[in-house]
Amino acid sequence: MLLPSQKLSSAPALSPARAWLLCVLLFLSAVLCFLDRQVLSVLAPQIIAEFGMSNTSYSRVVFAFVLSYTVMLALGGRVMDALGTRRGLGFAVVFWSIASAAHAFVTGPLTLGVARFFLGAGEGPAIPGAIKGAVEWMDPRRRGLAIGLVTSGASLGSLIAPPLTVWAALHIGWRGTFLATAGLGALWLLAWLLAFRGLPAATRSVPAAEGPASTWRMLLGRREVRRLLAARFFFDPVFYFYMFWIPQYLSRERGMSLAQIGALIWIPFIALEIANLVAGQASDMCVARGWPRPRARMTLMLVAALLTPASFFVALVGTPAAAIALMGVLMFAHGIWITNFMTLIGDTVASRDVATTVGLTGFCGGIAGMLSNLVIGPVVDHYSFTPVFLASAVVYPLAWLILSGRSPLR
């Protein structure tokens, strides 16, 4: 199997109610993170038309986001482990909310790319910090559920982004929509600061008994960590593709209007939301019944990997409804996969190293996301989306083989 048994670290002494309150706020930070980044993808057909952009030009704007996001996943994860989740995540939300507001003032592809770059820089540390908080503050017996809750924030943000974005764009314009999302970040920050009143001990980043954080070199020297990095390199581009390109696919190849996209694109993301929550609880139940943690996580990830070939048929079915349903299968599988993947990281390394390790895996996935986005634009401009859907159908099984140590790429 993938991982040796790990001694789980103790969490700071928090009441269950306060621990869940903090986890709910971590969940909401993930909602905001993915809501803010999805606004552009939903509005892409309108903004591309207004600025006269090609798909290749749009792919470069996406590249700018993925570049800064990728770098800050690695650096930001390290910062989160150093500063602690309370201070680090608060700063990140402020930074990306300002960047989101800046989108309202762009004048073309260049300034749009700059705004996306700074948005990515702010959002990079967010998920590593949120996963770190869930690992540190929750009882290890509820770790899968807590991480499932946090990761479900990403899917909920992606789920609500299309209808909210379309509604806002119709009422206050696409520029006003970016300003509105920045305002939501300010409200979250207020709630975050209030939640820590009277809890100085709970803000500590790492229990003192754990000692200093591991260096990157120490982490990269572990075979199981290297497998996590390699696996994410292969599967992350699929989620980047679904986040940034699906509205453009539905507009270009399915002939759907902005209103039609907003009315239907939430369906795959609600499948993702359900899977995040169910997968975390399911893996905790398997562990409670005596399964070793690695076996529980890997078994559920295998189930997910076997569902992902459905993505290939998205480009082949005859109706938009059937295509969206198949996207839902892929996103449901991704929800099972990513929840258990993140939980696997929490089981593998000490809590002092969780944000750093999550960030390093995200860095590898982001590198792959950058490369894939630079390829997707020209492929779509010269051919179609079909080759992209074909690629997305095979990478999860390959990633599972890498994690299990059964691939020659291990």
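Any read-out appearing in this document is the output of simple, stated calculations on the displayed coordinates, not a laboratory observation. If you're wondering where the values come from, they're calculated on a predicted model, not measured in any experiment. Please note: Cβ atoms are built from the backbone with ideal geometry, for glycine as well, and neighbour counts cover all protein chains shown.
A viscosity of 1.567 mPa s and a temperature of 4 °C, combined with the Kirkwood radius over C-alpha pairs in the Stokes-Einstein formula, give the range 310-374 a diffusion coefficient of 92 µm²/s. Using alpha carbons only, how many angstrom separate the centre of the range 70-125 from the centre of the range 292-369? Between the Cα centre of the range 70-125 and that of the range 292-369, the gap is 24 Å.
Using the Cα centre as the reference, give the magnitude of the dipole from point charges on the C-beta atoms of the range 95-248 (Lys, Arg: +1; Asp, Glu: -1; all else neutral), rounded to the nearest 20 debye.
420 debye
Applying a DSSP loop filter and a limit of 15 other Cβ atoms within 10 Å to the trypsin sites (Lys or Arg not before Pro) in the range 279-350 leaves R289.
Please give the contour-minus-distance gain from V24 to W216: 0.36 nm per residue of separation, less the Cα-Cα distance, rounded to one decimal in nm.
Working: separation 192, 0.36 × 192 = 69.12 nm, distance 2.99 nm.
So the extension gain works out to 66.1 nm.
Could you tell me which of L374, W167, T343 has its Cα farthest along the dipole of the chain towards the positive end, charges placed at Cβ (Lys, Arg +1; Asp, Glu -1), taken about the Cα centre? Of L374, W167, T343, it is T343. To the nearest ten degrees, helix 16-51 and the longest principal axis of the Cα atoms of the chain are 20 degrees apart. Remark: the chain carries a charge dipole of roughly 1060 debye about the Cα centre, counting +1 on each Lys and Arg Cβ and -1 on each Asp and Glu Cβ.
Each peptide among 331-340, 96-105, 248-257, 313-322 gets the average number of other Cβ atoms lying within 10 Å of its residues, and from highest to lowest they stand as 331-340, 96-105, 248-257, 313-322.
The spacing between the range 126-151 and the range 224-278, judged by their C-alpha centroids, is 22 Å.
Quick check: convex hull over the Cα atoms of the chain, volume per residue in Å³, rounded to an integer?
In the chain, the Cα convex hull volume per residue is 120 Å³.
Taking the average, over residues, of other Cβ atoms within 10 Å as the packing measure, peptides 269-281, 162-174, 391-403 rank 269-281, 391-403, 162-174 from highest down. Of the candidates D381, D284, D347, which one comes out as most mobile in a Gaussian network treatment of the chain with C-alpha springs shorter than 10 Å? In the Gaussian network model the winner is D381. Relative to the longest principal axis of the Cα atoms of the chain, the long axis of helix 293-307 lies at roughly 20 degrees. Compared with the dominant Cα axis of the chain, that is its longest principal axis, helix 55-83 is turned about 20°.
Per-residue packing, averaged as other Cβ atoms within 10 Å, sorts the ranges 29-35, 304-310 into the order 29-35, 304-310, beginning with the highest.
Of all the options V61, V287, V93, the one that moves most in a Gaussian network model of the chain with Cα springs shorter than 10 angstrom is V287. Remark: the range 286-394 carries a charge dipole of roughly 440 debye about the Cα centre, counting +1 on each Lys and Arg Cβ and -1 on each Asp and Glu Cβ. Taking every alpha-carbon pair within the range 262-339, the share separated by more than 15 Å comes to 57 percent.
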